[in-house]
Amino acid sequence: MTHQGESDHNPGSKWKVRVALVGLVAALILLGGLLAPDYGQSWDEAIDAQHYEITAKAYIGSLTRHPGGLKRYYGPFYFMISGLLTDALNLVLPGWQKVEVRHWVNYLSFLAGFGAFYGLSRSILKTTSVRLAAALALASQPLLFGHAFINQKDIPFMSFFLISAYLGWRAVDRDIRRGNSQDVSDSRRSTDFGKLLQDVRQAWREKPTRAKAAVLMIAGLTLLLLGELFLWQAIFLPFAEQLVQQAYHGTASAPLQAAFNRMASAAETAPLSYYIDKVQRFYAAARVYVAVGSLALSGFILSRLFRSALEPHLRSWRRRNLSWVVAGIFLGLATAIRVAGPFAGVLVSLYALGRSRRAALRPLIIYWLVAGLTTYIFWPYLWEAPLAHFIESLRAMGAFESHRALYRGVIYPSTDLPWHYFPGLMAVQLTEPAVLLIPLGLCVAVAWAVRKRLDRLQVALLAAWFFLPAVAIAATGAPLYGNARQLYFLLPPLFVFAGLGLEWLLQRIPVRWAQAALVLFILAPGLIGIISLHPYEYSYYNSFAGGISGAFLRYETDHWCTSFREAVETLNQIAPGGATLAVRGPRSAAEPFARPDLHFVSADAHPDYALGCKWAIIEGDFFREYQTIHEVKRGEAVLAVLKAAP
């Protein structure tokens with residue numbers, strides 16, 4: 001980025017900083033591995049694991065590409081990556097439950113965001129020590145640290161949003177630096193499109209007749225194949241439909257008939273149109289793979305034939321555009337997690353246009369095309385109707401179904417929250433130093449930007465990152481719930497500003513040990529909160545709310561009921577064989593940890609035991625006649641309650 005810390009100018013010091021950062025990240029990875037087995041399963045975790053299994057099958061031909069319902073509007077990319085890594089790590093960690101491995105994988109995605117935050121903050125924070133302190137302040141927030149393990153939705157999106165913004169801004173800055181280089185100017189002239197065509201024409205003239213015939217044949221066959229797949233559909237699809245009709249009526253060849261009989265178990269009752277529809281849907285998906293494969297193969301063959309003419313231009317193109325391609329890929333991946341992902345691309349585009357004006361249009365076209373293609377590849381729900389389904393997902397997320405939210409002692413519908421719901425929660429869920437440093441840093445940013453000590457465009461875009469969505473949501477009353485966890489991707493720029501506030505304070509403290517003491521003072525509340533609340537760190541509330549005890553029954557604490565694990569493990573020790581258990585809350589958060597002989601039943605089945613969390617505790621009407629035998633607590637806050645029949 002444009003501003004460099006003092007240590008960045010010294011190669012030896014720069015190397016030491018990198019070694020220290022690698023060591024810190026390695027220690028944090030190890031810490032995550034030690035803590036991951038302590039956490040319970042969150043409310044939607046089992047459903048999201050099914051999302052991975054269903055989506056993964058779409059890539060091997062399954063016509064079911066999403067779990068249905070509202071889940072179709074969630075991009076599945078992270079669920080797929082998390083599921084694949086969890087399955088792989090589970091092979092080398094046989095003593096761990098799959099949910100424990102998954103929590104470690106979630107935490108690793110959080111650390112990736114930690115690294116991106118450090119890189120992004122280089123544009124604003126001038127010294128390595130302040131950048132590192134700001135990154136640690138973000139990573140040590142108990143709210144985010146707890147979510148880092150159990151939240152497979154919002155934390156990965158926050159991290160990929162951060163990575164996308166960082167890589168995009170980095171691509172802009174690389175272009176600016178190269179634009180001032182004579183070598184790059186020469187390179188750009190050499191990659192002029194007219195020069196490229198001239199070199200290709202010259203190579204064509206030099207090719208023998210047989211090579212020219214091969215080129216024309218490859219191009220012609222590729223065009224014919226694409227026309228058949230997407231326009232005429234006069235050969236492959238009718239042929240497939242005819243084969244299905246023959247198999248349905250029992251007149252197909254023996255191998256085909258045997259295969260149809262094995263796969264079409266409902267052929268005796270299902271109409272022929274049912275199987276024709278399946279063939280058509282399979283064809284619609286398969287033709288994309290065939291088209292991409294044929295284009296890739298044709299492109300490879302043609303590039304080899306014209307290698308001498310294309311290679312210099314391709315090398316130059318890679319030098320100029322590789323950073324934009326990588327940034328576009330990560331923007332597409334962020335979008336394939338949540339539909340809000342393109343907002344990172346908007347921030348990057350504004351930065352590019354503000355820096356390079358019209359010269360930014362060419363790389364931005366590449367950037368958005370790559371992002372769109374990546375999103376399409378990793379979100380099977382978009383395959384049939386990319387634009388229509390994406391717009392549908394965007395509308396669905398803006399008008400989500402109503403939930404209940406406990407805020408300042410009042411239960412609100414999520415569609416009718418007070419405008420200050422999100423900022424009000426952050427004021428009591430972030431640590432006290434963060435809450436105080438953020439507004440101080442904003443004031444410092446404005447003052448230094450006015451004096452041109454900071455880049456005004458970067459400051460404006462960091463402010464827009466948080467304030468544009470936050471103000472829009474407050475103004476429109478967009479539904480939020482779960483303590484506004486959907487908006488955690490808006491928090492990183494606030495910690496960049498907090499870093500500016502810290503930098504301003506450190507400039508007024510000349511003594512090194514006093515500076516170190518101030519940084520430790522800023523980090524201490526988060527570390528204390530993590531230690532005292534583990535493994536329920538995400539239930540953290542600061543002293544402005546009276547801590548977790550003061551927040552109890554005024555705000556939501558363990559709203560994902562991860563405390564069910566501790567309660568069930570207690571029940572495992574005391575319940576007789578064959579005991580029955582009713583759950584008010586997510587049964588999926590309790591089942592993985594229960595003894596095999598415990599039976600889960602409905603509440604009206606007069607169970608031996610009852611387990612409740614969240615609303616069961618808040619509303620206080622949970623199995624009143626039963627006796628409380630165990631409570632999962634932190635401070636005076638009850639997170640889960642276990643009761644026994646009288």
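The values are calculated or read from the model by the stated rules, or taken from the named source; none is laboratory data. No experiment lies behind these values; they were computed from the predicted model shown. Heads up, the Cβs are rebuilt from the backbone with ideal geometry, glycines too, and the neighbour counts pull from every protein chain shown. The protein model used for the area step is the full one, side chains on, heavy atoms only, and it has no ligands, DNA or RNA in it. Shrake-Rupley method; radii C 1.70, N 1.55, O 1.52, S 1.80 Å.
Take the Cα pairs of the chain, get the Kirkwood Rh, then feed it into Stokes-Einstein at 25 °C and 0.890 mPa s and tell me D in µm²/s.
My calculation gives 87 µm²/s for D.
Using the Karplus curve 6.51 cos²θ - 1.76 cosθ + 1.60 with θ = phi - 60°, work out ³J(HN,Hα) for each residue of segment 326-331 in order, rounded to whole Hz, and write x for Gly and Pro.
My calculation for segment 326-331 gives 4, 4, x, 4, 6, 5 Hz in order.
Pull up all non-local amide H partners of Lys207: gap of 5 or more, or a different chain, and H-to-H distance under 5 Å with H placed in the peptide plane.
Placed amide hydrogens put nothing under 5 Å from Lys207.
Express the relative contact order of segment 215-312 as a whole percentage, based on alpha carbon pairs under 8 Å and six or more residues apart in sequence.
It rounds to 35 percent for segment 215-312.
Sorting Glu625, Glu569, Glu503 by accessible area (1.4 Å probe), largest first, what list results?
Numbers: Glu625 120, Glu569 75, Glu503 10 Å².
Result of the area sort, largest leading: Glu625, Glu569, Glu503.
Give the cross-link partners of Lys14 among the lysines, using a straight C-alpha distance below 29 Å as the criterion and excluding same-chain residues fewer than 8 apart.
Cross-link targets: Lys126, Lys452.
Sorting Lys212, Lys16, Lys71 by accessible area (1.4 Å probe), largest first, what list results?
Lys16, Lys212, Lys71
Once you keep just the Cα pairs under 8 angstrom separated by 6 or more residues, what percentage relative contact order results for the chain?
Taking the mean separation of contacting Cα pairs over the length of the chain, I get 18 percent.
Residues of segment 528-568: accessible area per residue at 1.4 Å, in Å²?
The answer is 29 Å² per residue.
What are the chymotrypsin sites (Phe, Trp or Tyr not before Pro) within segment 82-135 that DSSP puts in a loop, where the Cβ has at most 11 other Cβ atoms within 10 Å?
none
Name the cysteines of the chain that stand alone by the Cβ rule: no other cysteine Cβ under 4.7 angstrom.
So far as the 4.7 Å Cβ criterion goes, Cys443 stand without a partner in the chain.
How much of the pair distance distribution for segment 259-367 lies past 23 Å, counting alpha-carbon pairs only, in percent?
Summing the P(r) tail past 23 Å for segment 259-367 gives 60 percent.
Keeping all protein chains in place, calculate the accessible area per residue for segment 117-171 (probe 1.4 angstrom), answer in Å².
Roughly 14 Å² per residue, with all protein chains present.
List the lysines whose Cα lies under 30 Å from the Cα of Lys614, skipping any in the same chain that are fewer than 8 positions away.
The qualifying lysines are Lys71, Lys98, Lys153, Lys633, Lys643.
Mind listing the long-range amide H neighbours of Phe600? Cut-off is under 5 Å, sequence gap 5 or more, other chains count too, H placed in the peptide plane at 1.01 Å from N.
Long-range HN contacts for Phe600: Leu581.
Quick one: Cα centre-to-centre distance for segment 18-46 and segment 573-642, in angstrom?
For segment 18-46 versus segment 573-642, the Cα centre distance is 29 Å.
Per-residue ellipticity at 222 nm for the chain, helices alone: DSSP H runs ≥ 4 residues times -39500 (n - 2.57), over residue total, nearest 500 deg cm²/dmol?
Calculated from helices alone, the mean residue ellipticity at 222 nm is -21000 deg cm²/dmol.
Rule-of-thumb check for segment 205-244: C-alpha Rg over 2.2 N^0.38 Å?
Ratio of Cα Rg to 2.2 N^0.38 Å: 1.70.
Can you put Val511, Val325 in order of accessible area, largest first, using a 1.4 Å probe?
Values: Val511 65, Val325 30 Å².
So, going from the largest accessible area down, we get Val511, Val325.
Among Leu85, His51, Gly69, whose Cα lies farthest out toward the positive end of the dipole of segment 42-92, if unit charges sit on the beta carbon of Lys, Arg (+1) and Asp, Glu (-1)?
Gly69
Would you kindly derive the ³J(HN,Hα) couplings of segment 47-58 from the backbone phi angles with the Karplus curve 6.51 cos²θ - 1.76 cosθ + 1.60 (θ = phi - 60°), listing them in order in whole Hz, with x for Gly and Pro?
With coefficients 6.51, -1.76 and 1.60, one gets 5, 5, 5, 5, 4, 4, 5, 5, 5, 4, 5, 4 Hz.
Please report the antiparallel percentage of the DSSP beta bridges confined to segment 550-613, to the nearest 5. If you can, show how the numbers build up before the last one.
Details: 0 of 8 bridges.
Just about 0 percent of them are antiparallel.
Leaving out ligands, DNA and RNA, what percent of the accessible area of segment 27-184 is carbon and sulfur, probe 1.4 Å?
Values: 3310 of 5210 Å².
Within segment 27-184, the accessible surface is 64 percent carbon and sulfur.
What is the antiparallel percent of DSSP beta bridges lying wholly in the chain, to the nearest 5?
Counting only bridges with both partners in the chain, antiparallel ones make up about 65 percent.
How large is ³J(HN,Hα), in whole Hz, for each residue of segment 166-177 in order, when computed from phi with the Karplus curve 6.51 cos²θ - 1.76 cosθ + 1.60 and θ = phi - 60°, using x for Gly and Pro?
With coefficients 6.51, -1.76 and 1.60, one gets 4, 5, x, 4, 5, 5, 4, 5, 5, 4, 5, 5 Hz.
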